[in-house]
Amino acid sequence: MPAHSGFHFAPRRRPATLFLALTILGIVPSRAEDAAPQIALKLIAEGLSAPTNLTSLTDGSGRLLVAEQSGLIDVITRDGTKAERPFLDLKSRLVPANPGMDERGVLGLALHPQFKTNRKFYVVYSAPLRADGPKDWDHTERLSEFRASASDFAVASLDSERVLLDIDEPDWNHNSGRIAFGPDGKLYWTVGDGGAPNDVGVRGHAPEGNGQNRQTLLGKVLRLDVDSGTPYGIPADNPYADGKNGRPEIYAYGLRNPWGISFDRGGTHELIVTDIGQERWEEINLIVNGGNYGWRLREGFDGFDPKSAYQAPANPATVGADGKPFVDPVMVYPTMRRNTPTSFGVSIVGGYIYRGHALPQLAGKYVFADWSRNFGIPDGTLVVATRPPAGAGPEKWTAAPLGVQDRPDGRIKSFVWALGQDEDGELYVLTNGSIIAAGERGKVFKLVPR
Ligand SMILES: [Ca+2]
């Protein structure tokens, strides 16, 4: 269980000279609460609507791209200025937004590994329901390829759109829509279970739930080859590439609402996907080819029964319908409830294994967040997970709040919408001041040395 206790709200600072003397002597405070956080949040951009993605514009300029859920992809220059002209304006392509909370909009953004030569990039966004989509369903998630202008890499046109794959969605929520290129050059896409509590519903949910049904793309991690085929190719080693026992796009399955995908830039380039739980557990998963991550027969390390979502069944399923065992998460923490005051919050937000240079104390650790401890009040928490040494037995990570300047408990008084990583491996925190994915209360911060 993650240790939130022991981290106090008010920063306790030692005199700098004492701290320096202790450091020279090689004595560092052993208790985290005794050390003032040596990390700060540097404001990079503000006045955005809910920012969902940040990535480097990999043209050598050092500029960043920031996607706003409500439709714009902005260019942020090296000095933190938002360019007047957006990279791309997708507003006309989006389904109309809810007035309140919404999980639709611009959800995923990834540049092609050879962007500098082919100018291609990929976006997942929420389009109005396709004309031939199921009549009473909500909208269509669309993966499209676009191309930046040859004369100006910081500008792209809607006219360059090539639609790769549409996935119809029964509800407005649990879309996920996160994308990333793997070290194999293939595009990975996390898709949520379609919404509705417990992956149960007459509209758009398979009898056994979408997560466990391999004939739907909902509740899956997909893998596509965007460099071959029309409109895309199926990698030969996708587990159901022949289409016999599942949809050929599927790479892994049994996910609920995986809001977070990243490949480790170092190590063995593992694929990390976080999954937002129903009522009990938030998960970090290492995704492997063909893995079944359990939803809705499992939540966290426990079984799950949709008829009693708050209580794990006495005799949980341990294998999927194909007889193969589930893949457990590498770490869980309890979803925030009245009886779990030490939780980080109500929805895990995926991050990155830190491989940058500015913050050596984070090297090799997984930096992520929880969206908020509360649906009404912005109360997100930054978290850092540490994995056991290689070969230390079954992989189980541990986590603690990531203290930052003036917020040693990691609670940064904003909703944490997403994390981002630049081409140097440095990390960013994308926040919003309300639950509404519109307005101008979105900000981007960079994690920097204090
Ligand atoms: Ca799971």
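The values are calculated or read from the model by the stated rules, or taken from the named source; none is laboratory data. Everything numeric here is computed off the predicted structure, so don't read it as measured data. Cβ coordinates were reconstructed from backbone atoms using ideal geometry, including for glycine residues, and neighbour counts include every protein chain displayed. To get the accessible areas, we keep the full protein, side chains included, count just its heavy atoms, and leave off ligands, DNA and RNA. Shrake-Rupley method; radii C 1.70, N 1.55, O 1.52, S 1.80 Å.
Using a Debye calculation, one point per C-alpha and no hydration shell, please list log10 I(q)/I(0) for the range 27-115 at q = 0.12, 0.16, 0.23 Å⁻¹ in order. With no solvent term, the Cα-only Debye profile gives -0.51, -0.73, -1.15.
Here the contact order of the range 252-306, divided by its residue count and restricted to Cα pairs under 8 Å and six or more residues apart, works out to 35 percent. For the range 82-95, the Karplus equation 6.51 cos²θ - 1.76 cosθ + 1.60, evaluated at θ = phi - 60°, returns couplings of 7, 4, 4, 9, x, 4, 8, 10, 9, 3, 6, 9, 8, 5 Hz by residue, with Gly and Pro reported as x.
Across 92, 144, 262, mean-square fluctuation computed from a Gaussian network of the chain (C-alpha pairs under 10 Å connected) peaks at 92. In this Cβ point-charge picture (+1 for Lys and Arg, -1 for Asp and Glu), the chain has a dipole of about 1040 debye about its Cα centre. Taking amide H as placed 1.01 Å from N in the peptide plane, the amide H of residue 270 sits under 5 Å from that of 264, each at least 5 places away or on another chain. Comparing mean-square fluctuations of 257, 292, 118 from a GNM of the chain with C-alpha springs under 10 Å, the top value falls on 118. The convex hull around the C-alpha trace of the range 389-450, projected and averaged over every direction, spans 6.6 square nanometres.
Among the chymotrypsin sites (Phe, Trp or Tyr not before Pro) found in the range 345-406, those both in a DSSP coil and sparsely packed, with 15 or fewer other Cβ atoms within 10 Å of their Cβ, are 375.
Bridgeable aspartates and glutamates around residue 244 (alpha carbons under 20 Å apart, same-chain partners fewer than 8 residues away excluded): 208, 225, 322. A 1.4 Å probe run over the chain, with the rest of the protein chains in place, finds 41 Å² accessible per residue. Given their separation in residues at 0.36 nm each and the Cα-Cα distance between them, residue 337 and residue 236 gain 32.0 nm when the chain is fully extended.
Using θ = phi - 60° in the Karplus curve 6.51 cos²θ - 1.76 cosθ + 1.60, the 3J(HN,Hα) couplings for the range 111-119 round to 8, 4, x, 9, 3, 4, 9, 9, 6 Hz; x is entered for Gly and Pro.
Simple point charges give the picture: +1 on the Cβ of Lys and Arg, -1 on the Cβ of Asp and Glu, and for the range 249-320 a dipole about the Cα centre of about 140 debye. Close amide H contacts of residue 45 (hydrogens built in the peptide plane, cut-off under 5 Å, sequence separation of 5 or more or a different chain): 444. Given a cut-off of 29 Å, name the pairs among 120/446; 91/186; 116/413; 42/186; 120/396; 307/365 whose C-alpha atoms lie farther apart than that in the structure shown. Violating the 29 Å Cα-Cα cut-off are 116/413; 42/186; 120/396; 307/365. Relative contact order for the chain: 17 percent, from Cα pairs under 8 Å spaced at least 6 residues apart, divided by residue count. Which residue, 149, 343, 228, has the most motion in a Gaussian network model of the chain that connects Cα atoms within less than 10 Å? Per the Cα network of the chain with a 10 Å cutoff, 228 tops the list. Taking amide H as placed 1.01 Å from N in the peptide plane, the amide H of residue 39 sits under 5 Å from that of 405, 450, each at least 5 places away or on another chain. Given the options 325, 284, 143, identify the residue whose Cα lies farthest towards the positive end of the charge dipole of the chain (+1 on Cβ of Lys, Arg; -1 on Cβ of Asp, Glu). With unit charges placed on the Cβ atoms, the residue in question is 284.
Among the trypsin sites (Lys or Arg not before Pro) in the range 57-89, those located in a DSSP loop and surrounded by at most 12 other Cβ atoms within 10 Å of their own Cβ are 78. Entry note: the chain has Rg to Rh equal to 0.96, where both radii use alpha-carbon atoms and Rh is the Kirkwood radius. Taken about its Cα centre, the range 317-390 carries a charge dipole of roughly 120 debye when the Cβ of each Lys and Arg holds +1 and the Cβ of each Asp and Glu holds -1.
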